[in-house]
Amino acid sequence: MSVPRLKIGCAGLGRMGKRHALNFLQRTPRAELVAASTPDPVELEWGKEHLEPFGVRLYQNYDDMLKHEGLEAIVVASATAVHAEQAIKAINANKHVLCEKPLSTSVKVSQSVVDAANTKPNLKVMCGFSRRFDNSYRDAFNKMQAGAIGAPSILRSQTCDKLDPSGFFVAYAEFSGGIFVDCSIHDIDLTLWFFGANSKVKSVSAVGNTAVEPDLRKHNDRDNAVGLVEFHDGKIAYFYASRMMAAGQEDTTEIIGTKGKLAVNTQPQMNLVHLSDQSGVRREIPQTYWDRFEYAFVTEANEFTAAVLDNKALPLDLTSAVQAVRIGAALQEAMVSGQKIFFDESGSRVEGSKL
């Protein structure tokens, strides 16, 4: 008797697309990667070498892939600019969707994905925030839920990428939505997880600088930024984002409660090896986001697959993905304008303007 497997296609075979494709091909036993699409000739050549020999059908056109016989689900891992468009097309074609974060850099466009998903309640549609699938973050959340630190009051979190001297971040800034939507979106999502998805923002403020890449300013972006979010219930979230870490990737979080504190990865390390020599004691740290969260993405793929096949609830609420973009976009605006932005308890901006 054959065990049902989820037939899934991968949109995009770039940096993240390759990883998602291989995860569903090799590391998700209940899924079967049957198709992949990309308009990029270089990515297609990669697919011919790494996917096609295992029976994966390659398409240059995404719309053609949606018509692949038996296709049940799509993982959208293409450029951020087309995340929403491709997710909505998949929903309209009655496919389950796992979309890379963010749904869009625009709040309005992100909401359009939620609206499309609401028309097809039989489909599983999820935005993948990988830290929610990380063992350490899950352990911290469970400890908080069990009352280990009392009532959570302050969250301090950071996403800091290793400096790329090639100028990649400058070119990417034109499309990324800015450092808060690009980098801090994970920290914002963690805040909505630990504080509760219904947390209502009262104000946001932010500052930033261009310590190593002054050209970022032409895209209204920075290579370092600090954001502060105040909630109507008194909770506070503090975010630090950077694109100029010298040693490697530094993603850390602290949740401070009335009876204690939970800290995740405050001393980053690649493994348990420490080198002691005449210069002192040192350890290596992850060089990229993937080095730190590789296994979280594997868990994400497996849990999405199980939710579809077993008709279980998804581990993330899609509406929180819109709230994360809303907060990130407001922080970006506050940083560029130098103005603190206020919201009422219904989520509307006090001064009446809209993002």
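The values are calculated or read from the model by the stated rules, or taken from the named source; none is laboratory data. Being a predicted model, the structure only gives us computed values, none of them experimental. Neighbour counts run over all protein chains shown; Cβ positions are idealised from the backbone, glycine included.
Odds and ends about this structure:
- Of residues in segment 303-318 being more than 13 Å from the chain's Cα centre (by Cα) and at pLDDT below 95, the one nearest to Thr119 (Cα to Cα): Asp317
- Any hit, segment 324-336, residues being touching a Ser or Thr at 6+ places or on another chain (Cβ under 7 Å) and part of a loop (DSSP other than H, G, I, E, B): no
- Cβ pairs under 9 Å, 6+ apart, first in segment 88-104 and within 13 Å of Ala11 (Cα to Cα), second of a type in the set (Lys, Arg) and in a helix (DSSP H, G or I): Lys95/Lys89
- Selection status of Val226, in contact with a helix residue (DSSP H, G or I) (Cβ under 9 Å, 6 or more places away or on another chain), of a type in the set (Val, Ile, Thr), surrounded by 19 or more Cβ atoms within 10 Å (Cβ to Cβ) and without any contact (Cβ under 8 Å) to a residue 24 or more places away in the chain: yes
This table checks each residue for (1) surrounded by fewer than 14 Cβ atoms within 10 Å (Cβ to Cβ); (2) at pLDDT below 95.
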position	(1), (2)
His219	no, yes
Arg222	no, no
Ile236	no, no
Arg243	no, yes
Ala246	yes, yes
Thr252	no, no
Thr258	yes, no
Gly280	yes, no
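- Whether a residue is within 28 Å of Ile341 (Cβ to Cβ) and surrounded by fewer than 21 Cβ atoms within 10 Å (Cβ to Cβ) was assessed, and Lys202 passes this test.
- Scanning segment 6-27 for residues that are touching a residue at least 60 places away in the same chain (Cβ under 8 Å) and among the basic types (Lys, Arg) gives Lys7, Arg19, Arg27.
- Out of Arg217, Arg138, one residue alone is without any contact (Cβ under 8 Å) to a residue 40 or more places away in the chain and more than 30 Å from Val114 (Cβ to Cβ). It is Arg217.
- Residue match in segment 264-278 (condition: crowded, with 18+ Cβ neighbours inside 10 Å and either among the polar types (S, T, N, Q) or in a strand (DSSP E or B) (or both)): yes
- Number of the exception - Gly17 against (1) under 23 Å from Lys124 (Cα atoms); (2) in contact with a Ser or Thr (Cβ under 6 Å, 6 or more places away or on another chain); (3) not acidic (Asp, Glu): (2)
- For segment 145-159, the candidate set comprises residues that are under 22 Å from the mean Cα position of the chain (by Cα) and aliphatic (A, V, I, L, M); within that set, the residue that is nearest to Phe194 (Cα to Cα) is Leu155.
- Residue ID - modelled with the lowest pLDDT, chosen from residues in segment 162-181 that are under 20 Å from Ser104 (Cα atoms) and of a type in the set (Ser, Thr, Tyr): Tyr172
- Within segment 209-263, tally of residues that are under 13 Å from Phe169 (Cα atoms), part of a loop (DSSP other than H, G, I, E, B) and under 21 Å from the mean Cα position of the chain (by Cα): 3
- The number of residues in segment 184-215 that are touching a Gly at 6+ places or on another chain (Cβ under 9 Å) and among the hydrophobic types (A, V, I, L, M, F, W, C) comes to 6.
- Residue that is within 23 Å of Leu314 (Cα to Cα) and either charged (D, E, K, R) or touching a strand residue (DSSP E or B) at 6+ places or on another chain (Cβ under 6 Å) (or both), where the choices are Leu71, Leu66: Leu71
- Selected residue [assigned by TED's automatic domain parsing to the domain that holds Met335 and buried (at least 20 other Cβ atoms within 10 Å of the Cβ)] from Ser153, Ser184: Ser184
- Scope segment 106-129; condition polar (S, T, N, Q) and surrounded by fewer than 22 Cβ atoms within 10 Å (Cβ to Cβ); matching residues: Ser106, Gln111, Ser112, Asn118, Thr119, Asn122
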